[in-house]
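The values are calculated or read from the model by the stated rules, or taken from the named source; none is laboratory data. For clarity, every value in this text was computed on a predicted model and none was experimentally measured. FYI the Cβ positions are ideal-geometry reconstructions off the backbone, even for glycines, and counts take in every protein chain you see. For the accessible areas, the whole protein counts, side chains as well, though only heavy atoms, and no ligand, DNA or RNA atoms are used. Shrake-Rupley method; radii C 1.70, N 1.55, O 1.52, S 1.80 Å.
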Amino acid sequence: MVGIEAAGRVGLNMYRSLRDTLAFAGLVLAKVFRRRTYNSATKQVLTNQIYFTAVQILPLFLAISAIFGSLFIGIVFQIIKELGLAELLGRVLMGFVVTELAPFMTVLLIALRSSSAINAEIAVMIVNQGMRTLEAFNIDIIDYLFIPRIINGVISVVLLSGLLSIVVLASGIIFSKLIFGMSLEVDSNALLNSAVFSDIVVVVLKCSTFGFFITLIPIRFGLGASNE
């Protein structure tokens, strides 16, 4: 009975957490699509957030993309051609790198770097009464603090995921040319011919969803910090 009660309590807490998170997401989305949300202060915060999340990380991001692309994609090129599946090369790489690998790696890097920072920032503001100070000046907390960070997450994940795909594929093709003597023109054409518009739409939607929640969830739990 004790085990069942404990499991029920855990399940109930998980349900409440999910319910509250989705309710918060709905509240944020309602304001995201409202024109008056985007005043000069909100735009300035959004610009600063994009610089912190997507621009400052570029050197490390590009280095990881190039190294990974050179080693991993070059080897995949060679294996696929040795198996006689050269005609499927473009489709395999586009389906794996662009739609799966790039969003995953981008979300992982941004979550490790920015999500924890956002969570700590919101928690510190709660503890230091920063939220109440903003409210005292009639500043909408969601418009000023939350919306810019969440939109930044969406934009950063979409753009960096696309950049990672390009760098990984390009470095992989160059590595294959230098090490395995493969044709740049053939490999490039195989990738371009395998590009499907529906895949691009799926990637954008996937990255937007990931970017939305990897910033919304840290904000949501940062708000639970105690100021006692």
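Summary of computed values
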item	result
Residue that is farthest from the chain's Cα centre (by Cα) [pool: residues in the stretch 155-171 that are in contact (Cβ under 8 Å) with a residue 60 or more places away in the chain, under 25 Å from Phe33 (Cβ atoms) and open to solvent by 10 Å² or more (accessible area, probe 1.4 Å)]	Gly162
Flag if Val167 is farther than 30 Å from Ala63 by Cβ, modelled with pLDDT of 75 or more and out of contact with any strand residue (DSSP E or B) (no Cβ under 9 Å at 6 or more places or on another chain)	no
Among residues of the stretch 42-76, those that are more than 29 Å from Met94 (Cα to Cα) and open to solvent by less than 30 Å² (accessible area, probe 1.4 Å), counted	3
Matching residues, the stretch 127-154, being among the small types (Gly, Ala, Ser) and either on the phi > 0 side of the Ramachandran plot or open to solvent by less than 10 Å² (accessible area, probe 1.4 Å) (or both)	Gly153
